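Presented below is the structure to which this report refers.
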Amino acid sequence: MFLPIFHDLIKLQWRAVLEELKRSGSLPVSVLMRKLDISYMAAKQHCEELKKIGYLERTRIPRSSVGRPEIFYSLSVKADGLFPEAGANFTLDLLSEAKSLYGESAPDKLLFQHFKKQQEKWVLHFAKLTTLAEKAEKLASLREQSGCSTRCVLTENLGVRLEEFHNPLQRIFELYPRAMIMEQKVIEQFLGTRVNRREIDSGRQGQPRVIFETCS
């Protein structure tokens, strides 16, 4: 999930904390320790170390029952730099320049070619896969390799749901929303079925994410 340059520079335990908070949003130490299978004191120590150098924020949330407020940790703005963005500023400048030189439709044409190339690159990975679950797991893995933070979940109606907590193209989507449709078409192509795409806001303690879910 991290930019490759950080893999050797960040402690393995810190990486685990940062990645879990990227997926889950704000968490108390009591929950984080269970997710990472470490002791309470170890989880708290890692969080405090990351807070001290600016990668985490700490907040106190009143308990619903009697007791002291519970301490939650979440990623800070500084932590955003640890996750890939596909050279967003450079890409946006290129798309803007293409629009000036070749017309309004030029950025969409370039983005279409990007997703077409991606399909061509990944198609062999799916040649021997037959079930929807196998295809979804492979797609989640490939998207992780391309810089996304993706989790595959099997649903009760035997469908699948891809939950994404980070996408390096997010800033591109904000200015060129048709690219989101192109991305969705790629996902449908590899899963072999239609999917619904929906965005979930962070709320008070959650983590913003995008859900791709197979249609029932």
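Selection of the range 19-39 for residues being touching a Leu at 6+ places or on another chain (Cβ under 9 Å), surrounded by fewer than 20 Cβ atoms within 10 Å (Cβ to Cβ) and of a type outside the set (Lys, Arg) yields 20, 24, 25, 38. Is there a residue being in contact (Cβ under 8 Å) with a residue 60 or more places away in the chain and assigned to a helix (DSSP H, G or I) anywhere in the range 146-165? No - not one qualifying residue is present in the range 146-165. Inspection of the range 118-131 finds no residue satisfying the criterion of being touching a helix residue (DSSP H, G or I) at 6+ places or on another chain (Cβ under 8 Å), assigned to a strand (DSSP E or B) and of a type in the set (S, T, N, Q).
Checking 150, 91 one by one, the residue that is under 18 Å from residue 169 (Cβ atoms), outside the structural domain of residue 175 (by TED's automatic domain parsing) and touching a helix residue (DSSP H, G or I) at 6+ places or on another chain (Cβ under 9 Å) is 91 and no other. State which residue is modelled with the highest pLDDT when the search covers only the range 59-75 and only residues that are among the hydroxyl-bearing types (Ser, Thr, Tyr) and out of contact with any Phe, Trp or Tyr (no Cβ under 6 Å at 6 or more places or on another chain). Out of the qualifying residues, it is 73. Among the numbered conditions (1) at pLDDT 90 or above; (2) not assigned by TED's automatic domain parsing to the domain that holds residue 18, the only one that residue 47 does not meet is (2).
The values are calculated or read from the model by the stated rules, or taken from the named source; none is laboratory data. Worth saying up front: this structure is predicted, and the values here are computed from it rather than measured. Cβ sites come from the backbone with ideal geometry, for glycine too, and all protein chains shown count toward neighbours.
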